[in-house]
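Each remark here refers to the structure printed beneath this line.
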């Protein structure tokens, strides 16, 4: 088995893999109807050239360069070029508002910005014009802005003007594992984003730990990744960019979330990094697609789930009498489902939020290996991950990665120590001191270890609901169970210092449209929100969940939201977590009414 090297920096790792990769494909993007590749050697030349261009424009070691781009080959090249120039990347979300950009520019002290499109420039450039930013680089051509105080350089022109030798660039690297690689601003479910200072060693520690899992539990081969989560988020930045680089793999950039299913079929990835919400959506789509095929496929799906539960209960083995049925399933429904995921998927890796165990069991029963992990931006971001050799448990997030220490504090909080822990929050010593004490990162998450040494997350410490009797309720658990119901698309539960739990529900749009069509009613939510039959159907979904909850967890009443929670209305973070403070601010009167006024009982 090939041993993974101990690299001094992320850029050193890239240039080493590029030298090995040569003319083999590395980065892929869709151009009209065709996938087009950038080879390792082409990418290394572009990285060296852009690093040289940035230095010629005055960028010095330690300077911050903001990077605003959707997932595409140029993001990876720009990110590496900034680091190769000795500077620090500040990746930011393409969905940021002008105010968000102003905050990050001011807080990070960025001297320059690289951005991708004219669309992004509409919200970015107003913030840039009011900042000390000295120049910008546009990946795609943009119209020059009248009386702009900031020079905008063309990406292709800079590459052409500054040819460079990758080997010379690699030889000139001075960064160490202790040096800052990037400042990633946490999207935050509350308050202004904080800049997490990630050093080269933090991300390399993550890469080495993840490679240890892949090399130990799977065959390390020509891995193919499909990148679609926002690459400006630490999870995709480390797991969807630097892990593939470390493995010498290929990265395909998905066209969009809407085209993800088609892209999976075309690309046939071997590893995908996914958030729980997407698994829930994929589960729903697979179930609906099977049900539409008739009673027999639906029955086979039901039997696959039943046997999956038995296998889990018997330590991964099926009772002898069930094996003939499993053989039938292995020749019928399971290959069809696997083909929807490309047919060569080694592992689907879930992170970013707790995964409902029922969702994990669903995919496991259909022959797809689902590895749930845990972490946060402040820790590289991966702290732990399930691995088949240690026994997959869908209610756990696996053992800590190699060279990572985890312990549980007296109050149940998860503490982490190791090279993966951030240096701190940028220009925020007070918050840094609160987060890191005696070398231990205080995650703010509550958890425990099971008998096999696997970490189990029970909830986010700061999101715990404490009712008026002092009982603790984990909202993530309830919300995960509710969104598994076909009638419910999104939900936020509420009840801090209150006598019971209530919920704000966004009905599932597909289910709503189908329900309305079969009853010859308008599918518009505004027309259905007072419909007794519609409300009764939502109530039935809530009651199904309540049947499996304790008395203090039961959802007594609910209200319907006016619109879905989205990134655009700031009720979702870019990684699909709900922003509780934003939702509460908009719906406070409706939530208050559930404790005395008119509501759905």
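Quick note: the coordinates plus some simple rules give every number you see, no bench work behind them. Note that the structure is a prediction, hence the values are computed from the model and not measured. Backbone-built Cβ (ideal geometry, glycine too); neighbour counts: all protein chains shown.
Going highest first, how would you order 294-304, 506-516 by mean Cβ packing within 10 Å?
Working: 294-304: 15.2, 506-516: 18.0.
Listed from highest to lowest mean packing, they are 506-516, 294-304.
Based on the alpha carbons, how large is the Rg to Rh ratio for segment 10-250 when Rh follows Kirkwood?
0.95
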Legend entry - residue 299/residue 403 FRET efficiency (R0 56 Å; Cβ-Cβ; nearest 0.05): 0.75
Inset, instruction - Compute the acute angle (0 to 90°) between the alpha-carbon long axis of helix 10-21 and the principal axis of greatest extent of the alpha-carbon atoms of the chain; round to the nearest 10°. - result: 90
Legend entry - Spin-label proximity, residue 219 to segment 240-277 - amide N less than 19 Å from point 7 Å beyond Cα toward beta carbon: 247-250, 268-272
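Where does each of 161-169, 480-488, 538-546 land if you order them by average Cβ count within 10 Å, highest first? Before the final figure, lay out the partial values.
Numbers: 161-169: 15.8, 480-488: 20.3, 538-546: 17.8.
The packing order, highest mean first, is 480-488, 538-546, 161-169.
Sorting check: for 342-352, 269-279, 385-395, which peptide has the highest mean count of neighbouring beta carbons within 10 Å, and how do the rest follow? Mind showing how you got there, number by number?
Numbers: 342-352: 20.6, 269-279: 22.3, 385-395: 18.5.
Put in order of decreasing packing, that is 269-279, 342-352, 385-395.
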Legend entry - Acute angle (nearest 10 degrees) that the helix 276-292 long axis makes with the longest principal axis of the chain, alpha-carbon atoms: 50
Legend entry - Over the chain, relative contact order from alpha-carbon pairs under 8 Å, at least 6 apart, %: 11
Inset, instruction - Would you calculate the separation in nanometres between label points at residue 24 and residue 265, each defined as 7 Å from the Cα along the Cα-to-beta-carbon direction? - result: 2.9
Inset, instruction - Indicate, rounded to the nearest 5 percent, the antiparallel portion of the DSSP beta bridges found entirely in the chain. - result: 55
Inset, instruction - Compute the Cα gyration tensor for segment 35-123, then decide on rounded, prolate or oblate, letting a ≥ b ≥ c be the square roots of its eigenvalues: rounded whenever a/c is under 1.5, prolate when a/b is larger than b/c in the other cases, and oblate in all that remain. - result: oblate
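Which FRET efficiency value, to the nearest 0.05, is calculated for residue 321 and residue 517 with the Förster distance at 51 angstrom and r the Cβ-Cβ distance? Mind showing how you got there, number by number?
On the way: r = 43 Å, r/R0 = 0.84.
Working from the Cβ atoms, E equals 0.75.
Full-extension gain between residue 161 and residue 336, please, as 0.36 nm times their residue separation minus the C-alpha to C-alpha distance.
57.9 nm
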Inset, instruction - Run through the DSSP bridge list for segment 464-593 and note the antiparallel percent, rounded to the nearest 5. - result: 65
Inset, instruction - Report the full-extension gain for the segment residue 39 to residue 585: residue separation times 0.36 nm, less the Cα-Cα distance, to one decimal in nm. - result: 191.7 nm
Inset, instruction - Determine the principal axes of the Cα atoms in segment 450-599, then give the extent along each, sorted from largest to smallest and rounded to whole angstroms. - result: 53, 37, 33
